[in-house]
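The values are calculated or read from the model by the stated rules, or taken from the named source; none is laboratory data. A quick note: this is a predicted structure, and the numbers were derived from the prediction, not measured. All Cβ positions, even for glycine, are placed from backbone atoms using ideal geometry, and neighbour counts span all protein chains on display. Each accessible area value is taken on the protein alone, full model and side chains, heavy atoms only, with ligands, DNA and RNA left out. Shrake-Rupley method; radii C 1.70, N 1.55, O 1.52, S 1.80 Å.
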Amino acid sequence: MSSINTPLTGEDATKSMSTRETIHSYPRFLWKALGVATDGSWLFYGWMTLLTAIALVGANAWAVQVRDGMVLTNMSDHVSWGLYIANFTFCVGLAAGGVMMVIPAYLYDDEEMHHLVIIGEAVAIAAILMSTLSVVVDLGRPDRFWHLMPIIGKFNWPMSMLTWDIIVLNGYLVINVHIVGYLLYMQYLGKRPNPWWYVPFVFLSILWAISIHTVTAFLYCGLGGRPFWNTALLAPRFLASAFVSGPAFILIVLRAIRMTSDWKWSPRPARTLIQIIRISMAINLLMLVSELFTLFYTGSGHAASAKYLFFGSHGASGLVVWIWTAIGLNIAGTILFFTPAALRRGNLRILACVLCIAGIWIEKGMGLVIPGFIPSTLHEVVEYAPSLVEWKITAGIWAFGMLVLTILVKLIEAIHAKRLSPSNSHAL
Amino acid sequence: MTTNPATHLPVLDNQPNSRRGFMKACGATLGLAAWATALKPLTEWAADMNVDEFLQKHYRELKPDEKQAIFRRLEADCKAEHGVDVKIADPQPNDGVQFAYALNLSICIGCRKCAEACSIENNHDRKTNNSYIRVFEMEMGGIDFEKGDATYDHPVPQPDKFYMPVQCQQCENAPCVKACPIEATWQEKDGIVVVDYNWCIGCRYCEAACPYHARRFNWEKPTIPAEEINPNQGYLSNRIRPQGVMEKCTFCLHRTREGRMPACLEACPTGARVFGNILDPQSEIRWVIENKRTFVLKEELGTKPRFYYFFDE
């Protein structure tokens, strides 16, 4: 972490622009960035068009849902949260998982990780946007969104865990937008970033990443009326699985960058991420076993949801396929990650990432949020499977998140390759 | 992500750039048009709304004249939409009153008259046959909801069963109130938990938090035939709810705060229901709590329900 130890005076000496100039050239930076973000190969245009099309389908489905009511979803008074909140939970984990690049880079002074860490932060930004959207589309009255804002609305803080979640998610977004924005702009100007402007925020973001997923777990485990969620193990489990899905997702993004640009780096950062995934997945599976033992060996009423989830009950078994698929994907992905081949740059590594991401998406969503409602608090078994509208909206949110991520990564790559700099006359 | 070599040559940058820029401008215009089309249903939805409604403050921050204006607006809306003259009142909690409810499980026959009366009194959606009360047919030998059935469809009472109606328990330590991120639901002085239907954002966290399945969501705009609309409405209780907000049992506060009994009690043919002010030593509810072996649902959760169940000897 040499940059942190550099005294500020040495930094000032290298300055070629005044603070005023730095601020004034910012609009130009944005304008050029817009140019770079909209320039690319046919593959790039095809990818962006595809994502836009999916996002449009989602936006339209949402607009119809707002107009005609949430009756268009398959949720009910028995299962009152569904795919949206399931996806929300996963996306928060994805955002928190980015911290697993930040910790090696800043706490362990891993120089190479340091060069790539901004990609993890970009993933966090896209993931936070996706989680926020997942909550917005779950609201029956999005027009009353302002009621949630402190001061002008009525913010039930500190009592409601949802207010805590709003604070930590928005805070995490702001911190990451600041870090990424500042570092990119400085790199664009060819200036050494002033550590005082971002290092404290990086350390804050480490704590904050843990907090977003902990608070999201508290949303569920704080409800005494839902025994399936009401376990102290929920937050640690959320974090462990986030530290698999986050790095796995970042590995895929890194591969995409390597395949579409001339940016080169050594295999070490990816190997660090894989070591993290190996340990986190092992801890995650251990906690899952521990949870299942407590539920099933005790055999109390607490096991009713787990029984429904894993084996079906009262003739209903809608989630059985989901959860066993998740377990299969997670175990297969974990085994692949533990093979030596995963440390090499091959397709096997990407396959392992995809398996674990899909497995955790199900485990945290359809496998955790939905069974909390089945059986209901009065032990009625009403099943749930997402409707077409819910799938469209969720796909739209993912497409939007990937649009944002693609643009961020494109800018990061262009600035790294010095195609985007003050002297370069790139414009629309 | 290949780079366009032309962009690196300022001498030549006019021709290719302007063509590219033109293409981008076309793309952006097309894109904007596509987004506007995709989101068009929102404008159809917003056509029904007005600015006053959008900017309306939280119930507890409204001044008396602001409240009156809102009630008149809601009455006019109902007239315009259903052609029915309704009266929206706002009875306040009375001093020295704490409501409680008790239900005698020995004589409840599971006829669901209470649930039906609730539906009519509270202007519930008729399409879904909504009601704040669910009646469970339970097996003798224990109070195990796991063996209960709320969807029974046969003559009652069955000889080997007992019946257990469940509605909002008006918990003193209500998990739903704690959960709400925007204070759209709160407990009134007389113990009744209410919802400001014009403030709720419909996140349904309260519904997840409630251990008694007492809350309902308006998944769509409730439909009620005009001739079945109950015109005596309370702002915080039985007025017709908007789409996309939560609702719940209010112990019929528009009746009970004016000295009447809840609709479910009046409808009960066996007299299984007892309602009243527990602060009044002469009340029947007080007698039941003091003399019967009562219990509350899920006592271990610490929610302190105001709804008691009891059996006769």
Top-ranked residue of the range A:62-79 - restricted to ones that are within 19 Å of A:A385 (Cβ to Cβ), open to solvent by 10 Å² or more (accessible area, probe 1.4 Å) and out of contact with any strand residue (DSSP E or B) (no Cβ under 9 Å at 6 or more places or on another chain), ranked as nearest to the other protein chains (Cβ to nearest Cβ): A:V71
Qualifying residue in the range A:19-30 (condition: in a helix (DSSP H, G or I), at pLDDT below 95, within 14 Å of chain B (Cβ to nearest Cβ) and open to solvent by less than 40 Å² (accessible area, probe 1.4 Å)): no
Filtered residues of the range A:135-170 (kept if among the β-branched types (V, I, T) and under 23 Å from A:A209 (Cα atoms)): A:V135, A:V136, A:T163, A:I166, A:I167, A:V168
Counted residues, the range A:340-363 - those being open to solvent by less than 40 Å² (accessible area, probe 1.4 Å) and in a loop (DSSP other than H, G, I, E, B): 1
Inter-residue pairs, beta-carbon under 7 Å, first on the phi > 0 side of the Ramachandran plot and in the range B:56-67, second assigned to a helix (DSSP H, G or I), 6+ apart: none
Residue list for the range A:176-190, restricted to those being surrounded by fewer than 21 Cβ atoms within 10 Å (Cβ to Cβ) and touching a Phe, Trp or Tyr at 6+ places or on another chain (Cβ under 9 Å): A:H178, A:Y182, A:L183, A:Y185, A:M186, A:L189
Candidates B:C200, B:C176, filtered to the one that is over 24 Å from B:C108 (Cβ atoms), among the hydrophobic types (A, V, I, L, M, F, W, C) and assigned to a loop (DSSP other than H, G, I, E, B): B:C200
Residues located in the range A:98-136, provided they are modelled with pLDDT of 90 or more, open to solvent by less than 10 Å² (accessible area, probe 1.4 Å) and under 27 Å from A:G82 (Cα atoms): A:V123, A:A124, A:A126, A:A127, A:I128, A:M130, A:S131, A:S134
Pair list, Cβ under 7 Å, 6 or more apart: the range A:314-325 residue touching a residue at least 40 places away in the same chain (Cβ under 8 Å), other residue part of a helix (DSSP H, G or I) and hydroxyl-bearing (S, T, Y): A:A316/A:Y308; A:L319/A:Y308
Candidates A:W164, A:W208, A:W197, A:W157, filtered to the one that is in contact with a Ser or Thr (Cβ under 6 Å, 6 or more places away or on another chain) and open to solvent by 20 Å² or more (accessible area, probe 1.4 Å): A:W157
Any hit, the range A:284-294, residues being touching a strand residue (DSSP E or B) at 6+ places or on another chain (Cβ under 9 Å), open to solvent by 40 Å² or more (accessible area, probe 1.4 Å) and part of a helix (DSSP H, G or I): no
Considering residues of the range A:300-326 that are open to solvent by 40 Å² or more (accessible area, probe 1.4 Å) and among the β-branched types (V, I, T) only, the residue farthest from A:N284 (Cα to Cα): A:V321
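Can you name the residue in the range B:233-279 that is of a type in the set (A, V, I, L, M, F, W, C) and in contact with a Gly (Cβ under 8 Å, 6 or more places away or on another chain) and is also surrounded by the fewest Cβ atoms within 10 Å (Cβ to Cβ) among such residues?
To start, the set of residues in the range B:233-279 that are of a type in the set (A, V, I, L, M, F, W, C) comprises B:236, B:240, B:245-246, B:249, B:251-253, B:261, B:263-265, B:267-268, B:272, B:274-275, B:278-279.
Keeping just the survivors that are in contact with a Gly (Cβ under 8 Å, 6 or more places away or on another chain) gives B:245-246, B:253, B:279.
Details: B:V245: 22, B:M246: 27, B:L253: 24, B:L279: 14.
Among those that are of a type in the set (A, V, I, L, M, F, W, C) and in contact with a Gly (Cβ under 8 Å, 6 or more places away or on another chain), it is B:L279.
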Strands (runs of 3 or more DSSP E) completely within the range B:68-170 that count 2 or more residues being of a type in the set (A, V, I, L, M, F, W, C) and crowded, with 22+ Cβ neighbours inside 10 Å: B:99-104, B:134-139
Among residues of the range A:80-116, those that are under 17 Å from A:T216 (Cβ atoms), polar (S, T, N, Q) and either within 14 Å of another protein chain (Cβ to nearest Cβ) or outside any helix (DSSP H, G or I) (or both), counted: 1
Test: residue in the range A:152-173 that is away from chain B (no Cβ under 14 Å), closer than 30 Å to A:K392 by Cβ and in a helix (DSSP H, G or I): yes
Number of the condition not met by A:N194 [criteria: (1) over 25 Å from A:V253 (Cα atoms); (2) within 14 Å of chain B (Cβ to nearest Cβ)]: (2)
Residue match in the range B:301-310 (condition: out of contact with any strand residue (DSSP E or B) (no Cβ under 7 Å at 6 or more places or on another chain) and under 29 Å from B:A89 (Cα atoms)): yes
Qualifying positions in the range A:259-293 - without any contact (Cβ under 8 Å) to a residue 12 or more places away in the chain and more than 17 Å from A:A332 (Cα to Cα): A:M259, A:K264, A:F293
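So that you can scan it fast, the table gives a plain yes or no per residue for (1) among the hydrophobic types (A, V, I, L, M, F, W, C); (2) on the phi > 0 side of the Ramachandran plot:
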residue: B:N129; (1), (2): no, yes
residue: B:M138; (1), (2): yes, no
residue: B:G148; (1), (2): no, no
residue: B:M164; (1), (2): yes, no
residue: B:K178; (1), (2): no, no
residue: B:R215; (1), (2): no, no
residue: B:P225; (1), (2): no, no
Residues of the range B:141-170 satisfying the condition of being over 15 Å from A:T377 (Cα atoms) and under 27 Å from the mean Cα position of the chain (by Cα): B:T151, B:Y152, B:D153, B:Y163, B:Q170
Selection within the range B:179-193 - in a loop (DSSP other than H, G, I, E, B) and of a type in the set (A, V, I, L, M, F, W, C): B:C180, B:I182, B:A184, B:I192
Identity of the residue in the range B:178-200, of a type in the set (A, V, I, L, M) and over 30 Å from B:K113 (Cβ atoms), that ends up farthest from the other protein chains (Cβ to nearest Cβ): B:A184
Matching residues in the range B:201-211 - criterion: being facing chain A (nearest Cβ under 7 Å), without any contact (Cβ under 8 Å) to a residue 60 or more places away in the chain and either closer than 16 Å to A:G222 by Cβ or open to solvent by 10 Å² or more (accessible area, probe 1.4 Å) (or both): B:C203, B:R204, B:Y205, B:E207, B:A208, B:A209, B:C210
Within the range A:100-148, tally of residues that are in contact with a His (Cβ under 9 Å, 6 or more places away or on another chain) and among the hydroxyl-bearing types (S, T, Y): 1
Index of the failed condition, A:I350 passing every other in (1) over 17 Å from the mean Cα position of the chain (by Cα); (2) within 14 Å of chain B (Cβ to nearest Cβ); (3) in contact (Cβ under 8 Å) with a residue 60 or more places away in the chain: (2)
Residue pairs meeting the criteria (Cβ under 9 Å; at least 6 apart or on separate chains; first more than 12 Å from chain A (Cβ to nearest Cβ) and in contact (Cβ under 8 Å) with a residue 24 or more places away in the chain, in the range B:149-169; second open to solvent by 60 Å² or more (accessible area, probe 1.4 Å) and in a strand (DSSP E or B)): B:K161/B:E139; B:F162/B:E139
